[in-house]
Amino acid sequence: MNIVIINALGNYAIQRCINSLYATTPDNRFDLYVFRETGFREQTLNKALKTVGTEDILILGDDILLTQGWFETLMTYYSEADILGMSMLYPDTTKIHNRGYDLVQIDNQVTVEAADRGKDKREVSQFGFRLADALCGCFVFAKSDILKKVHEFSEEGQNRFGEFIFFCQAREQGAKMNRVLVEQFIGGTHHDVNGLFWDGKFYGCGVMDRHFSPLPYCVPIAGYDPSTLSFRVKEKLYTFLEKAVRSLGISCGPVKGAFIISRDGEIYILEVSARFHGDVFTSFTRPRSMKVSPIKTYMKALYENKFSPEDLNCSDNLLSAWQVLKLPAGRIKEISGLQEAEQVAGIDRVISRVNEGDKIKDMQNNSDVPGFVWASGGSRDEIDNSYETFYENFHVEYYSN
């Protein structure tokens, strides 16, 4: 991939842009070109295209500071469109610069308007894709195939409107633009949080670390209870959950939340709901690891019409974990050794959803999960050793075609 940076703001800006590029791009898998802006932007872009050629190209303005995860996100959704862009924030703020541009009519004049400009990023809904009429020219990724068809930016649309004309010409040439990437993936660690309200007071009922399969499907594949987060961060998650559900008017009964903590420590709420997390966590790992069952505690309180907070006191001498049953894709010919594997020290419970003759698919959602294995031990290494021994005993043979 060729990366072109348009230098319009001087040495300080270009140095910051380049530093962010090298700091956030793995293995520096690109050729970098810098062009000093002369005349108007479209003239500089055309000079760059003539010099660089028709390989895949990413065009950046020198006022862009790239953040961790941008490259991985771009590569993940590479096949979705021929021209891609990303949402942008104003420097050192959480204020949105644009989330793509849309055609609008103002005073009988048609123009392009930046989506959500000026809003705080926490005020808007997250999305992965959306169709945009144009992208900000300070971050445009264009594939080789479209550059071979549209060779230049129209200089009739100088002062940045030529970028919009370029996108229109690309569509006319058959560019795949049914989806345009304008939102950066939120990477980080995932955490499930349970809570309980009684008489209007909130009680924390556990925080678990959850792990997912790689992009693009992100299926939950494993979890550890209790979380390895610090006490301070766990309390912060409890506070987030309590405030979130109270804002929805909920102050009675079980509640749960799903959170991401980003690489820079920012907390994102994925979901809150008026229930506990599912059986994988609440019914199996929590009672095993902490000797506490939030469900039994709540049912007892309802039955006796009396809540005892001490019933939620935890004993965290043990670590409990779950993971999906690891089976590669294919049609199963024979299953053996499951009973022996279930007897491995540290293995607590196994649920298998598959039988001989079943076809295993690559997991794209929870319905594709072939089963679960729960384990416990004094450390993650101890649990991982139990899992390793489990799979040494559990054997699955597949048909060759």
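Rule-based calculations on the coordinates, nothing more; no lab input. This one's a predicted model, so the numbers in the text were calculated from it and none came from an experiment. Note that we place each Cβ from the backbone using ideal geometry, even for glycine, and neighbour counts take in every protein chain shown.
Tabulated results
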item	result
P(r) of region 249-401 over all Cα-Cα pairs, binned every 5 Å from zero, in whole percent	2, 8, 13, 15, 16, 16, 12, 10, 6, 3, 1, 0, 0
Fraction in percent of alpha-carbon pairs per bin - 10 Å, region 274-356	14, 35, 27, 17, 7, 1
Normalised per residue, the volume of the convex hull around the Cα set of region 248-295 (Å³)	106
Centre separation in Å (Cα based) which lies between region 220-239 and region 1-42	39
DSSP-loop GluC sites (Glu not before Pro) across region 325-389, with at most 14 other Cβ within 10 angstrom	Glu356
Dipole of the chain [Lys/Arg +1, Asp/Glu -1 at C-beta], most positive-end residue of Ala244, Ala81, Phe153	Ala244
Ratio Rg/Rh [Cα only; Rh per Kirkwood] for region 41-104	0.98
Kirkwood-type radius of region 318-401, with distances r between different C-alpha atoms, in Å	13.3
Mean projected area (nm²) of the alpha-carbon convex hull when region 187-315 is viewed from all directions	7.9
Helix-only [θ]222 nm of the chain, DSSP H runs n ≥ 4, -39500 (n - 2.57) each, per residue, nearest 500	-7500 deg cm²/dmol
Size of charge dipole - the chain - debye, nearest 20, with Cβ of Lys, Arg +1 and Asp, Glu -1, no other charges	720
Proximal lysines relative to Lys361, as straight alpha-carbon distance under 24 Å, when same-chain residues fewer than 8 apart are discounted	Lys326, Lys333
Ranked list, fewest to most other Cβ atoms within 10 Å of each Cβ, for Arg210, Arg122, Arg331	Arg122, Arg331, Arg210
Positive-end residue, the chain charge dipole about Cα centroid, Cβ charges, pick of Asn385, Val4, Ile57	Asn385
Which of Gly337, Val373, Met363, positive extreme of dipole for region 318-401 (C-beta unit charges)	Met363
Three semi-axes of the equivalent ellipsoid, the chain, Cα gyration tensor, whole Å, largest first	49, 28, 19
Candidate lysines - alpha carbon under 17 Å from Lys256, same-chain residues fewer than 8 apart omitted	Lys201, Lys234, Lys236, Lys243, Lys296
Three-way shape label, region 239-324, alpha-carbon gyration tensor, a/c 1.5	oblate
Charged-residue dipole, Cβ positions (Lys, Arg, Asp, Glu), region 318-401 about Cα centre, Debye nearest 20	360
Straight-distance crosslink candidates among lysines, where the alpha carbon sits under 16 Å from Lys121 and sequence neighbours closer than 8 are dropped	Lys95
Pairwise Cα inverse-distance average, inverted: Kirkwood Rh of region 331-376 (Å)	11.9
